[in-house]
Amino acid sequence: MATETAHGEETGGLVFHPLDQFIVKPLFGGDGPIHWYTITNVTLWLAIAVLAIIALFIFGTRGRAVVPSRTQSIAEVLYGFTYKMVEDVAGKDAVKFFPYIFTVFMFILFSNYLGLIPTSFAPTSHFAVTGVLAITVFLTVTIVGFVKNGLGFLSLFWVSSAPLVLRPVLAVIELISYFVRPVSHSIRLGGNIMAGHAVMKVFAGFAAIAAISPVAVLSITAVYGLEMLVAGVQAYVFTILTVVYLKDALHPAH
Amino acid sequence: MASGTEHTATAADAAHGAADMAHEASAAGMPQLDFGTFPNQIFWLVVTLVVIFFVLSRVALPRIAGVLAERQSTITNDIAAAEELKQKAVEAEEAYNVALAEARAEAQKIAAEAKAEIQAELDAAQAQADDVISAKAAESEQAIAEIRAGAVESVKAVAKDTTKEILSAMGSKADAKSITAAINARMKG
């Protein structure tokens with residue numbers, strides 16, 4: 001933040017760096033090169049997400065109480081909500097994928113909300129992160145689909161309820177939409193988080209001008225409220241799409 | 001905060017390899033498209049996901065599932081116990097009603113018996129009293145009759161004496177036999 005202000009004063013005007021908050025940099029050792037093993041701000045906030053998840057789901061439930069404490073209730077509500085979603089959308093046989101789906105959901109949820117802490121870093125605003133999540137889902141779903149149904153999985157692309165002439169055309173469209181899934185899946189999440197954070201930063205830049213700073217501060221407050229909603233909704237959307245894709249893999253018939 | 005980073009990095013750029021060149025080039029645009037940081041992010045993401053997955057699937061999820069199952073069974077047991085207690089309460093109420101009816105019948109029987117007993121005692125006492133009364137009355141009647149008879153005799157004697165005195169006073173003499181006959185005749189009249 002300090003360098004940014006200095007930069008702004010340097011050029012003597014209004015300078016926006018809304019994307020600087022997304023820069024990946026090493027935590028130790030200055031501005032050295034970033035190798036795959038370098039401990040960066042990404043590592044830090046991923047670790048904080050892990051600790052937060054452990055705090056809620058391990059320490060929160062250590063009482064194993066029949067009448068739950070507050071934290072245990074939160075853990076139970078998240079568990080029950082996700083479990084019901086998997087069961088309702090993808091069916092009983094999808095329940096064995098529940099730990100995987102729950103992991104993805106909790107990781108995105110915690111990263112999104114931790115990213116909203118001022119001066120923090122949101123790993124889910126990076127396409128590297130959301131891309132890996134989406135590609136993992138895509139590969140899992142495709143492999144499960146072929147393992148469970150064999151070549152019958154291809155019936156997902158053959159719309160048997162459509163007129164015969166249209167079926168090849170629909171098959172091409174279905175095939176394209178199938179392969180576009182990981183792209184839309186990852187960009188939807190990463191784009192939403194990135195855009196929200198960038199917008200807040202732009203308003204924060206305007207707050208430097210005294211005349212409009214009250215408006216800017218109010219706008220930041222409003223956008224922050226919206227981002228609180230977006231953080232939850234996008235985690236939910238990513239998860240439910242994962243479950244829907246999983247349903248396609250388990251029950252490919254239209 | 002990154003502009004400073006960029007300046008320094010640009011200065012040091014020449015010293016670094018091709019990967020770093022790519023890193024610096026894209027850092028000018030969106031940090032999201034800085035492919036130089038991708039291996040780092042992906043590596044740490046995979047580590048994170050694996051840790052979260054094992055923590056959740058080995059510890060947290062079985063624990064929560066256990067707690068939920070336990071709660072469910074507790075609730076089911078409690079409902080069953082409540083049902084049983086309710087059944088018991090209904091039975092107890094029935095038993096109470098039966099006992100109450102019996103007690104009521106018993107009480108009525110006892111009351112009737114007591115009433116009959118008292119009535120019998122009362123009747124006996126009354127009869128006894130009647131007997132006593134009638135005996136006393138007969139006795140009294142007899143006494144009265146005796147007194148009356150005594151009185152008549154006395155009246156006769158007094159009348160004889162009086163008559164004898166009166167006659168002697170008048171200078172006439174009358175024998176006792178005729179006086180008695182006369183008095184008896186008068187007394188009858």
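The values are calculated or read from the model by the stated rules, or taken from the named source; none is laboratory data. As the structure is a prediction and not an experimental result, all values here were calculated from the model. Cβ sites come from the backbone with ideal geometry, for glycine too, and all protein chains shown count toward neighbours. For the accessible areas, the whole protein counts, side chains as well, though only heavy atoms, and no ligand, DNA or RNA atoms are used. Shrake-Rupley method; radii C 1.70, N 1.55, O 1.52, S 1.80 Å.
Could you tell me whether segment A:175-193 includes any residue that is small (Gly, Ala, Ser) and over 30 Å from residue A:18 (Cα atoms)? There is at least one residue in segment A:175-193 that is small (Gly, Ala, Ser) and over 30 Å from residue A:18 (Cα atoms). Close contacts from segment A:203-228, counting a first residue that is farther than 17 Å from residue A:16 by Cα and a second that is open to solvent by less than 70 Å² (accessible area, probe 1.4 Å) and not in a helix (DSSP H, G or I), with Cβ to Cβ under 8 Å and a gap of 6+ residues or different chains, come to A:224/A:116; A:227/A:116; A:228/A:116. Within segment A:120-151, which residues are aromatic (Phe, Trp, Tyr) and under 18 Å from residue A:100 (Cβ atoms)? Of everything in segment A:120-151, those that are aromatic (Phe, Trp, Tyr) and under 18 Å from residue A:100 (Cβ atoms) turn out to be A:138, A:146.
Taking segment A:10-42 as the range and being open to solvent by less than 20 Å² (accessible area, probe 1.4 Å) and assigned to a helix (DSSP H, G or I) as the test, the residues that pass are A:20, A:22, A:41, A:42. Of all residues in segment A:61-92, those that are farther than 14 Å from residue B:65 by Cα and small (Gly, Ala, Ser) total 3. Within segment A:62-72, which residues are more than 9 Å from chain B (Cβ to nearest Cβ) and open to solvent by 100 Å² or more (accessible area, probe 1.4 Å)? Answer for segment A:62-72, where residues must be more than 9 Å from chain B (Cβ to nearest Cβ) and open to solvent by 100 Å² or more (accessible area, probe 1.4 Å): just A:70. Selection of segment A:1-34 for residues being facing another protein chain (nearest Cβ under 7 Å) and at pLDDT 75 or above yields A:17, A:19, A:20, A:22, A:23, A:24, A:25, A:31, A:33, A:34. Entry remark, segment A:132-183: residues being open to solvent by 80 Å² or more (accessible area, probe 1.4 Å) and either in contact with a strand residue (DSSP E or B) (Cβ under 8 Å, 6 or more places away or on another chain) or under 27 Å from residue B:32 (Cα atoms) (or both) number 4 in total. The sole residue among A:196, A:205, A:191 that is under 28 Å from the mean Cα position of the chain (by Cα), buried (at least 21 other Cβ atoms within 10 Å of the Cβ) and assigned to a helix (DSSP H, G or I) is A:196.
Considering A:47, A:75, A:52, A:94, which residue is touching a Pro at 6+ places or on another chain (Cβ under 9 Å) and either surrounded by 18 or more Cβ atoms within 10 Å (Cβ to Cβ) or more than 7 Å from every other protein chain (Cβ to nearest Cβ) (or both)?
Only one candidate qualifies: A:75.
Condition (residue is away from every other protein chain (no Cβ under 14 Å), out of contact with any Phe, Trp or Tyr (no Cβ under 8 Å at 6 or more places or on another chain) and open to solvent by 50 Å² or more (accessible area, probe 1.4 Å)) applied to segment A:107-116: is it met by at least one residue? Taking every residue of segment A:107-116 in turn, at least one turns out to be away from every other protein chain (no Cβ under 14 Å), out of contact with any Phe, Trp or Tyr (no Cβ under 8 Å at 6 or more places or on another chain) and open to solvent by 50 Å² or more (accessible area, probe 1.4 Å). Taking the conditions (1) within 8 Å of chain B (Cβ to nearest Cβ); (2) in contact (Cβ under 8 Å) with a residue 12 or more places away in the chain in turn, residue A:103 satisfies each one other than (2). If you filter segment A:135-179 down to residues that are under 31 Å from the mean Cα position of the chain (by Cα) and polar (S, T, N, Q), you find that the one that is modelled with the lowest pLDDT is A:155.
The condition of being more than 9 Å from chain B (Cβ to nearest Cβ) and free of Cβ contacts under 8 Å to residues at least 24 places away in the same chain holds for residue A:146.
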